[in-house]
Every structure is written in structure tokens, then in C-alpha cells.
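Worksheet: one structure, shown below.
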Amino acid sequence: MKTRRVEHPFEAAVVAARCGRERGDFGIRLERTHGGGWVADWAFRLPAGLGERERYGSTELRGAISMAEAYPSCPYCRATSIWRCGACERVSCWDGVSEQAKCAHCGVTCKLSGTIDQLRGGADR
Ligand SMILES: [Zn+2]
Ligand SMILES: [Zn+2]
């Protein structure tokens, strides 16, 4: 099978995340920006466990991640942003204010700093 090297094979992708307060799974839809980054513009509830079982963990997104003004916030607790755990590299919701947060996946408490520049996701089909 021939493969083509494409840095960003998708124009839109979905990343699985989990709510830090209510532990619900949700998907975040991201669109590629002209600058080669990604902007999160949609979030929707997923049935428990679906995000990891299904396709949403297979692709790596590289580039700066930002939140669109239209991002509807966490579908469970209405947190307006997201963060990625430094230990398990998975995504949880974030209120955009707290300086540290407990990972909804592995339970590790992380000090939040910097920007998200790498995420795993899947194609939005
Ligand atoms: Zn939440
Ligand atoms: Zn974690």
C-alpha cells in the first residue's frame, strides 16, 4: 500500500475529552486554521467510554490549539476551555481560570501552564 506523507490530513478533527467535574465524556471538534493550528469550535456529549473505544484517539494533531469564540463550553459543567494532562496526555475541560486542575482521566493534579500544541484526535466524518 502506498502512503502519502501529509502533515495534516484533515481539515477538521474530533478529540475525545472528559469533564473534570461530572466525569462525562465529550468530543471536541476542531478546525484547522490558516496558520497551521487548530481552533476548537464545537463540543458534544459522548456516551461513556465511546471516545476512547472509537476513532477519537488515533490521530495526532500538531500546532497551537485555541478556543473559538463560538466554542459552546463543556457540555456538562460549562467550563469554557480545555487542558491536556501532562501525565496521560488526555484532554479535560477547564474553567480557564484555575491554575491547577485534576485530570478527569488519570486523577493526576497538574499545574497549568503554556499552550496546548499537540492533541490526539480522529477525522471528523
Ligand atoms: Zn466540564
Ligand atoms: Zn491524566
5 angstrom amide H check on GLY24, placed H, neighbours 5+ away: CYS19
field: Under 5 Å, built H, 5+ apart or other chain: amide partners of ARG120
entry: LEU61
field: Inter-probe distance in nm under a simple model that places probes 7 Å from Cα toward Cβ, at ALA123 and ALA48
entry: 3.2
- prompt: Mean 1/r over all different Cα pairs, inverted: what Kirkwood radius does the stretch 12-123 give, in Å?
  reply: 13.6
- prompt: So if we plug the beta-carbon distance of CYS88 and ARG23 into 1/(1 + (r/R0)^6) with R0 = 22 Å, what FRET efficiency do we get, rounded to 0.05?
  reply: 0.90
query: Placing +1 at every Lys and Arg Cβ and -1 at every Asp and Glu Cβ, with all other atoms neutral, what dipole size does the stretch 12-123 have around its Cα centre, in debye to the nearest 20?
result: 240
message: Could you work out how much longer the chain between ALA68 and VAL108 gets when fully extended? Use 0.36 nm per residue separation minus the Cα distance between them, nm to one decimal.
response: 11.7 nm
field: Cα lying deepest toward the dipole's positive end in the stretch 12-123, options THR115, GLY96, PHE44, charges on Cβ
entry: PHE44
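No value in this document is a laboratory result; all are computed from the given coordinates. Keep in mind the model is a prediction, meaning the values are calculated, not measured. Cβ coordinates were reconstructed from backbone atoms using ideal geometry, including for glycine residues, and neighbour counts include every protein chain displayed.
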